[in-house]
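Here the structure comes first, spelled out in structure tokens, and everything after it is commentary.
What follows draws every value from the coordinates through simple rules; no lab data is involved. Because the structure is a prediction, the values reported are computed rather than measured. Using ideal geometry, Cβ is built from the backbone for each residue, glycine included, and neighbour counts are taken over all protein chains shown.
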Amino acid sequence: MSDVPVGEEGKEALLSKIEEIMESMKEWERKPLVQVGNAIVELVKLPKRESKKRTEPERLALHIRLADSFKGIFIAGYDDLKDIIEALSSKTVLDVAEAIETINRKKRVVEFKL
């Protein structure tokens, strides 16, 4: 998908390409978009969802996960993505993640019983 230009003309081309991809995908099929370090972002086709009150059609979502896991989070909207980016970019989260990394580094020694 990196061959689609960015800009006003590119937005229509991108929409068209994503619609084509959605039509060709099976339910729960994943298409990788980008990998940065251990983080992977995939495009996933979610199946039609029916409840007693309403029916949601098939739709696409972003799936963000780590390379060694199939579990992750699904993001079905731009506003949700912006909120997650802002939350993860907050100084508090960054400081706590750095502290966790420091603590975990100290505990990386694995001892085996004899």
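When only the Cβ of Lys, Arg, Asp and Glu is charged (+1, +1, -1, -1), the dipole of the chain relative to its Cα centre reaches about 820 debye.
Report the GluC sites (Glu not before Pro) located in the stretch 1-78 that are in a DSSP loop and have at most 14 other Cβ atoms inside 10 Å of their Cβ, or state none. Loop-located and lightly packed - E27, E29, E58. FRET efficiency for the pair T92 and L66, taken as 1/(1 + (r/R0)^6) with r the Cβ-Cβ distance and R0 = 30 Å, rounds to 0.90.
Charged neighbours of T102, selected by a Cβ distance under 12 Å, balance to +1 (K, R count +1; D, E count -1). Considering the values (i) 51, 29, 28; (ii) 58, 39, 29; (iii) 47, 31, 20, which represents Cα extents along the principal axes in Å as calculated for the structure under consideration? Only one option fits the structure, namely (ii).
The trypsin sites (Lys or Arg not before Pro) of the stretch 9-98 that DSSP puts in a loop, and whose beta carbon has at most 11 other beta carbons within 10 Å, are K26, K48, K52, K53, R54, K71. Residue-wise HN-Hα couplings along the stretch 10-15, as the Karplus relation 6.51 cos²θ - 1.76 cosθ + 1.60 with θ = phi - 60° gives them from phi, are x, 5, 5, 5, 5, 4 Hz; Gly and Pro carry x.
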